[in-house]
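Have a look at the structure below, then the notes.
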Amino acid sequence: MEFAQVFAIGVFLLAMVLIVSEKVHRTVVAIAGTAILLLFHVMDFETAMHHVDNNTLGVLFGMMLFVAVVKESGLFEYLAVKTAKMAKGDPWVIMVAYVLLTAVCSAFLDNVTTVLLMGPMTLTICRLLNVNPIPYFLVEIMASNIGGTATLIGDPPNIMIGSAAGFTFADFIMYDAPAVIIALVVVLVLFYFMYGRKMHVSDEDKERVLELNEKEQIHDPKLMRQSIIVLVIVVVGFMVHGQLGVESSVIALGAAALLLLISRRDVTKALLHVEWTTLGFFAGLFIIVGALVETGTIDTLANALINVTGGDVFLTMIVLVFASAIISSFLDNIPFVATMIPILLAMEASGMDVHPLWWAVSLGACLGGNGTLIGASANVVLSDIAGKNGYPISFISYLKVGFPIMLLTTGVAAVYLIVRYMLGAL
């Protein structure tokens, strides 16, 4: 390997070690890694900036700003109390409801948007019931990544695969959604045995919550109505942004701007609630992973995955679903999928049936986001929300729960693909 490739791999591995150790803040690690790569000329500044996913950062910034304004209306407190009363104060029933809501929203909204909306609701309900919100945050992270796997617009890799392979929205519902439903059921069962059985709320706390009037939680009825209207526009916008020919970041930034304009809220105050450390972390991480792309490391890895199977479609499918998941737990799945697309197209041109391989990459890359705390944008955003409110989720504590569950749900996806093949449904 050339010096640049070895150096890029070294910087990436060192960054991962420091992030896992949590001795240095992950944003500092990401920025320092970027600076080192630029100082040693592994790539120039212009190339580094090319690897920063401005669309992802735009979605993050826009929705953080949007949620900062919505919070002032009392909408999250209203929904939290309403949910708690419908569930009769049962913490496990509330968790199931939040998991399903998170998964469904993530299928039609950006995952980050979903967790930005769910985070404040979760904090409110857990404080009302006096229960630990960390199990809720953990399962919501997983539900967001699993739910986002189900549709064409649920996760960026699916958008890329749909465009390259010519798959429609209905195709993803037909091929990915069944595996997603099974995986979601498996996660709920696991969380019941891990946390659900131990969840207890005192009669006093339960009664206090049931006596609350959800309408009294609304601080600004006019802002709440405006927020709901703009939120509906956001949902529709995310669903049709491809047909409109605009990036999802344009929808997010436009929603924030629209709500700020019609509500006349203080933009300076709203900007104070933007998670700037999260944005800085992602910008740096994009560049560190970009160095692996520029030096050919990811390309080499992707080719090796194919070569090890000897071109056998069935074996390649199984290898791809697990390899995509494990790699996507530590690397951004966007550059990985971007690397796999031309390889699969070349295999198709040579006469190989790659139809099942597209779904293996889709399921693996999206479900793999649950493996580590940095595996997906939603993980980082929700963990930051938890930490800033006094409930830190460490890399290791998440890894102990997330990685085994990621492997299990990936196994579910692999079995699903095998059965579907054996039945000749593909």
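The values are calculated or read from the model by the stated rules, or taken from the named source; none is laboratory data. No experiment lies behind these values; they were computed from the predicted model shown. Every residue, glycine as well, gets a Cβ built from its backbone with ideal geometry; the counts of neighbours run over all protein chains shown. Ligands, DNA and RNA are excluded from the accessible area calculation, which covers all protein heavy atoms including side chains. Shrake-Rupley method; radii C 1.70, N 1.55, O 1.52, S 1.80 Å.
Once you have the Cα-Cα distance between Ala257 and Glu216, take 0.36 nm times their residue separation minus that, and quote the gain in nm to one decimal.
Residue separation times 0.36 nm, minus the Cα-Cα distance, leaves 12.0 nm.
Net charge within 14 Å of Leu382 by Cβ-Cβ distance, Lys/Arg positive one each and Asp/Glu negative one each, not counting Leu382 itself?
Summing Lys and Arg as +1 and Asp and Glu as -1 gives -3.
For the range 315-329, in order, what is each residue's ³J(HN,Hα) by Karplus, 6.51 cos²θ - 1.76 cosθ + 1.60 with θ = phi - 60°, in whole Hz (x at glycine and Pro)?
The phi angles translate into 5, 4, 4, 5, 4, 5, 5, 6, 5, 4, 5, 5, 5, 6, 6 Hz.
When the helices in the chain are scored as -39500 (n - 2.57) per DSSP H run of 4 or longer and the sum is shared across all residues, what 222 nm value do you end up with, to the nearest 500 deg cm²/dmol?
Helix-only estimate at 222 nm: -25000 deg cm²/dmol.
Can you figure out the FRET efficiency of Val232 with Phe3, using R₀ = 51 Å and their beta-carbon distance, to the nearest 0.05?
Step by step, r from the Cβ atoms, then E = 0.45.
In degrees from 0 to 90, rounded to the nearest 10, what is the angle of the helix 26-39 Cα long axis to the longest principal axis of the chain?
30 degrees
Can you put His51, His41, His355 in order of accessible area, largest first, using a 1.4 Å probe?
Result, largest first: His41, His355, His51.
Quick one: Cα convex hull volume of the range 194-270, Å³ per residue?
Each residue corresponds to 187 Å³ of Cα convex hull volume.
Kindly provide the chymotrypsin sites (Phe, Trp or Tyr not before Pro) of the range 1-72 that DSSP labels as loop, not H, G, I, E or B, and whose Cβ sees at most 14 other Cβ atoms within 10 Å.
Listed in order of number, the matching sites are Phe40.
Taking a label point 7 Å from the Cα of Ile418 along the Cα→Cβ vector, which residues of the range 315-352 have an amide N closer than 14 Å to it?
The answer is 315-322, whose backbone nitrogens lie closer than 14 Å to the label point.
List, in the order given, every pair from Lys215/Lys388; Lys269/Lys400; Lys23/Lys198; Lys206/Lys400; Lys23/Lys206 whose Cα-Cα distance in the structure shown is over 29 Å.
In this structure, Lys269/Lys400; Lys23/Lys198; Lys206/Lys400; Lys23/Lys206 lie more than 29 Å apart at Cα.
Could you work out the Kirkwood radius for the chain, taking every pair of different alpha carbons, averaging 1/r and inverting it, reported in Å?
22.2 Å
Multiply the residue separation of Met194 and Leu39 by 0.36 nm, subtract the distance between their alpha-carbon atoms, and state the gained length in nm to one decimal.
Full extension of this stretch gives 51.1 nm more.
So, R0 is 25 Å and r is the distance between the beta-carbons of Glu46 and His25; what FRET efficiency does that work out to, to 0.05?
Using R0 = 25 Å, I get an efficiency of 0.35.
Given 37 °C and 0.692 mPa s, how large is the Stokes-Einstein diffusion coefficient of the range 162-314 in µm²/s, with Rh as the Kirkwood radius over Cα pairs?
150 µm²/s
Taking all protein chains in place and a 1.4 Å probe, what share, in percent, of the accessible surface of the chain do carbon and sulfur account for?
On the chain, the fraction of accessible area on carbon and sulfur atoms equals 67 percent.
Over the chain, average the accessible area per residue using a 1.4 Å probe and give it in Å², no decimals.
42 Å²
Count the net charge of all other residues whose Cβ sits under 15 Å from the Cβ of His241, scoring Lys and Arg as +1 and Asp and Glu as -1.
Around His241, the surrounding residues sum to -3.
Could you calculate the FRET efficiency of Ile318 with Ala349 from 1/(1 + (r/R0)^6), where r is the beta carbon distance between them and R0 is 30 Å, rounded to 0.05?
E(calc), rounded to 0.05, equals 0.85.
Ile218: accessible area at probe 1.4 Å, nearest 10 Å²?
Here the accessible area works out near 40 Å².
Based on the mean of other beta carbon atoms within 10 Å per residue, what is the order of 220-230, 192-202, 120-130, 84-94, most packed first?
Top to bottom by mean Cβ count within 10 Å: 120-130, 84-94, 220-230, 192-202.
How much length, in nm to one decimal, is gained on full extension between Arg264 and Ala164, taken as 0.36 nm per residue of separation minus their Cα-Cα distance?
Once the chain is fully extended between Arg264 and Ala164, it gains 31.7 nm.
Apply the a/c threshold of 1.5 to the C-alpha gyration tensor of the range 292-380 and tell me whether it is rounded, prolate or oblate.
Prolate is the answer for the range 292-380, as a/c is 1.5 or above and a/b outweighs b/c.
Using a 7 Å offset from the Cα along the Cα-to-Cβ direction at both Leu13 and Arg225, what is the distance between the two label points in nm, to one decimal?
About 6.1 nm separates the two model spin labels.
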